[in-house]
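Chemist: Below are the structure tokens for one structure; questions will follow.
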Amino acid sequence: GAVVSQHPSRVICKSGTSVKIECRSLDFQATTMFWYRQFPKKSLMLMATSNEGSKATYEQGVEKDKFLINHASLTLSTLTVTSAHPEDSSFYICSARGGTDSNQPQHFGDGTRLSIL
Amino acid sequence: AQSVTQLGSHVSVSEGALVLLRCNYSSSVPPYLFWYVQYPNQGLQLLLKYTTGATLVKGINGFEAEFKKSETSFHLTKPSAHMSDAAEYFCAVSDQGAQKLVFGQGTRLTINP
């Protein structure tokens with residue numbers, strides 16, 4: 001149980017392109033979803049927290065107009081990197097949690113490796 | 001604010017030897033503690049968690065961790081390492097009022113044959 005599917009697993013695109021990444025909870029309802037960015041050999045950096053039906057809460061320093069997050073249903077959240085540039089190249093990981101209790105673990109997708117040429 | 005410190009960015013053990021990955025946390029309220037494992041180019045998989053109750057927590061793949069409040073620690077152990085345990089391990093802290101997890105910097109575990 002508690003499977004999170006993230007798609008696509010890898011994206012290579014030209015600078016200036018917008019890229020959408022999907023995160024789906026397959027067998028549970030995800031009240032809260034999280035989006036992380038991970039640099040090589042580094043820990044996860046939380047970008048934003050999204051609750052279903054609400055606007056996402058962005059961490060300090062994360063541009064909300066650059067990284068658009070939509071959480072329209074209890075099983076789907078999307079991250080759109082708008083007008084991507086080479087510095088946006090990274091490994092992006094989503095996670096989902098059923099319910100609002102923080103003692104419930106986050107379940108992670110397999111990540112999306114984004115490469116901007 | 002909460003924080004997590006993982007002592008040792010890289011740990012190397014022989015196959016069959018004891019695995020010990022260290023995690024210390026800082027929290028002003030009772031913490032919730034988690035260990036996750038990450039294999040190359042994948043997301044994170046939950047190994048185990050501590051919220052309340054028994055301080056010795058058993059997880060998947062033979063791992064366990066003990067919550068020691070007096071030492072503010074939550075070290076991860078496994079009696080006998082297997083080659084398949086080679087991965088990156090992350091300790092994380094949260095609490096009852098928090099939405100989000102705070103991760104440590106990670107420890108890369110290498111298993112020598």
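Chemist: What FRET efficiency comes out for the pair B:E66/B:S28, r = Cβ-Cβ distance, R0 = 22 Å, nearest 0.05?
Modeler: Values: r = 21 Å, r/R0 = 0.97.
Plugging the Cβ-Cβ distance into 1/(1 + (r/R0)^6) gives 0.55.
Chemist: Same structure, new question: Skipping prolines and chain starts, which residues have an amide H placed within reach, meaning under 5 Å, of the one on B:S12, given they are 5 or more residues away or on another chain?
Modeler: Sorted by chain and number, the residues that satisfy this are B:T110.
Chemist: Arrange the following residues from fewest to most other Cβ atoms within 10 Å of their Cβ: A:R97, A:R10, A:R24. List each step's numbers first, then the result.
Modeler: Details: A:R97 24, A:R10 11, A:R24 19.
Listed from fewest to most nearby Cβ atoms, that is A:R10, A:R24, A:R97.
Chemist: Which FRET efficiency, nearest 0.05, do A:A72 and A:S115 yield, Cβ-Cβ r, R0 22 Å? Walk me through the numbers on the way to the answer.
Modeler: Working: r = 27 Å, r/R0 = 1.25.
Once rounded, the FRET efficiency stands at 0.20.
Chemist: Could you work out how far the C-alpha centroid of the stretch A:77-114 sits from that of the stretch B:14-74, in angstrom?
Modeler: Distance between centres, Cα-based: 22 Å.
Chemist: Which value, in Å to one decimal place, does the Kirkwood hydrodynamic radius take for chain A when every pair of different Cα atoms is included? Intermediate values should be presented prior to the final figure.
Modeler: Values: mean 1/r = 0.0710 Å⁻¹.
Radius from the Kirkwood sum: 14.1 Å.
Chemist: Using θ = phi - 60° and the Karplus form 6.51 cos²θ - 1.76 cosθ + 1.60, what ³J(HN,Hα) does each residue of the stretch A:106-115 get, whole Hz, x for Gly and Pro?
Modeler: Those phi angles translate into 7, 10, 9, x, 8, x, 10, 8, 9, 10 Hz.
Chemist: Through the Karplus equation 6.51 cos²θ - 1.76 cosθ + 1.60, θ set to phi - 60°, convert the phi angles of the stretch A:94-99 into ³J(HN,Hα) values in whole Hz; use x for Gly and Pro.
Modeler: Here the 3J(HN,Hα) series is 10, 9, 9, 9, x, x Hz.
Chemist: Per residue, what volume in Å³ does the Cα convex hull of the stretch A:42-88 take up? Each step should come with its number before you reach the end.
Modeler: On the way: hull volume 4.4 nm³, N = 47.
Each residue corresponds to 95 Å³ of Cα convex hull volume.
Chemist: Using the beta-carbon distance between B:K58 and A:S83 and R0 = 30 Å, what value does 1/(1 + (r/R0)^6) give for FRET efficiency, to the nearest 0.05? Mind showing how you got there, number by number?
Modeler: Numbers: r = 48 Å, r/R0 = 1.59.
Efficiency computed from Cβ-Cβ geometry: 0.05.
Chemist: Right, another one. Among A:D65, B:D95, which comes first, second and so on when ranked by fewest other beta-carbon atoms within 10 Å?
Modeler: Details: A:D65 7, B:D95 17.
Ordered from fewest to most neighbouring Cβ atoms within 10 Å, A:D65, B:D95 come out as A:D65, B:D95.
Chemist: Rg and Dmax of the stretch B:7-47, using alpha carbons, in Å: what are they?
Modeler: 13.3, 38
Chemist: Once you average over the residues of A:102-112, how many Cβ atoms of partner chains fall within 10 Å of each Cβ?
Modeler: On the way: counts 10, 9, 4, 12, 9, 4, 7, 3, 6, 5, 1.
Mean shielding count: 6.
Chemist: Let me ask you something else. Where a Cα-Cα gap under 23 Å defines reach, which lysines qualify for A:K42, not counting those fewer than 8 residues away within the same chain?
Modeler: Leaving aside lysines fewer than 8 places away in the same chain, those within reach of A:K42 are A:K64, A:K66, B:K49, B:K100.
Chemist: While we're here: What translational diffusion coefficient, in µm²/s and rounded to a whole number, does the Stokes-Einstein relation yield for chain B at 20 °C and a viscosity of 1.002 mPa s, taking the hydrodynamic radius as the Kirkwood radius over Cα pairs? Before the final figure, lay out the partial values.
Modeler: Details: Rh = 14.1 Å.
For the chosen part, D equals 152 µm²/s.
Chemist: Considering only DSSP beta bridges whose two residues both sit in the protein assembly as shown, what percent are antiparallel, to the nearest 5? Show your work: numbers first, answer last.
Modeler: Numbers: 72 of 81 bridges.
Antiparallel bridges: around 90 percent, rounded to the nearest 5.
Chemist: May I ask you to sort B:Y50, B:Y39 by Cβ crowding, counting other Cβ atoms within 10 Å and putting the fewest first? Don't skip to the end; give the middle numbers.
Modeler: Values: B:Y50 20, B:Y39 13.
Listing B:Y50, B:Y39 from fewest to most nearby Cβ atoms yields B:Y39, B:Y50.
Chemist: Points 7 angstrom from Cα along the Cβ direction at B:S14 and B:T77: gap in nanometres?
Modeler: The answer from the label model is 2.0 nm.
Chemist: In percent, how large is the relative contact order of chain B, given Cα pairs closer than 8 Å and 6 or more residues apart?
Modeler: Values: 287 pairs, mean separation 42.6, N = 113.
Result for chain B is 38 percent.
Chemist: All other residues with a Cβ under 9 Å from the Cβ of B:L56 taken together, and with Lys, Arg as +1 and Asp, Glu as -1, what is their net charge? If you can, show how the numbers build up before the last one.
Modeler: Details: positive: B:K58; negative: B:E64, B:E66.
Once positives and negatives cancel, what remains is -1.
Chemist: Now for a separate question. What list of ³J(HN,Hα) values in whole Hz, one per residue of the stretch A:5-16 in order, does the Karplus curve 6.51 cos²θ - 1.76 cosθ + 1.60 (θ = phi - 60°) give from phi, with Gly and Pro shown as x?
Modeler: Couplings: 10, 10, 9, x, 7, 8, 9, 10, 8, 7, 4, x Hz.
Each reported figure results from applying straightforward, stated rules to the coordinates on display, with no laboratory input. Here the structure is a predicted model, which means the values were calculated and not measured. Please note: Cβ atoms are built from the backbone with ideal geometry, for glycine as well, and neighbour counts cover all protein chains shown.
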